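In what follows, a single structure is set out as structure tokens and then discussed.
No lab work stands behind these numbers, since they all come straight from the coordinates. Just so you know, these numbers come straight off a predicted model, no measurement behind them. Note that we place each Cβ from the backbone using ideal geometry, even for glycine, and neighbour counts take in every protein chain shown.
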Amino acid sequence: MRTRTLRFGVYADEQGLAWVRGLVEAAVGSRSARIAGTSVVRAFPGSELTTADVYDLLAEQWAVEHPGQSGGAREPVELRVHVVCSLRTWRAVRKAVIKALCPEGSAPHVCRVPWMAA
């Protein structure tokens, strides 16, 4: 097994990030894997790009889905979770987290935290 990274762009505040982390922890905990660390990225090393540049459409998604509501402390960031597991387990964890982020299926709906799998 080796360390693999799950990356999710999210438009979230601290509460939203905690919720997404909880989804990842639940998905990892139910498999033969362990979390080696997490980080919240706001700028990409070696690049002039920030997460606000890359994930700006998530803020736009929030504005469309929540008209007239302030984004508050939400910001576009990238959550990186380093997981020690096999490639097969990494794929299963990633799939489970994506499903948990928007469990309503393909019908139009509002996600609790706008997100993008990176």
Original post:
What ranking of Thr3, Thr89 emerges when the number of other C-beta atoms within 10 Å of each C-beta is taken as an exposure proxy, fewest first?
Top reply: Thr3, Thr89
Original post:
Where does the chain land at 222 nm, in deg cm²/dmol rounded to the nearest 500, when only DSSP H runs of n ≥ 4 count, each adding -39500 (n - 2.57), divided by all residues?
Top reply: -11500 deg cm²/dmol
Subject >> Dipole-positive endmost among His109, Leu58, Thr38 within the chain (Cβ charges, Cα centre) >> reply: Thr38
Subject >> Dipole moment magnitude, nearest 20 debye, the range 1-61 about Cα centre, only Lys, Arg, Asp, Glu C-beta charged >> reply: 600 debye
Original post:
PRE reach from Ser39 (point 7 Å along Cα→Cβ): which of the range 67-81 fall under 13 Å by backbone N?
Top reply: 78-81
Original post:
Fewest first, what order do Phe44, Phe8 take by the number of other Cβ atoms within 10 Å?
Top reply: Phe44, Phe8
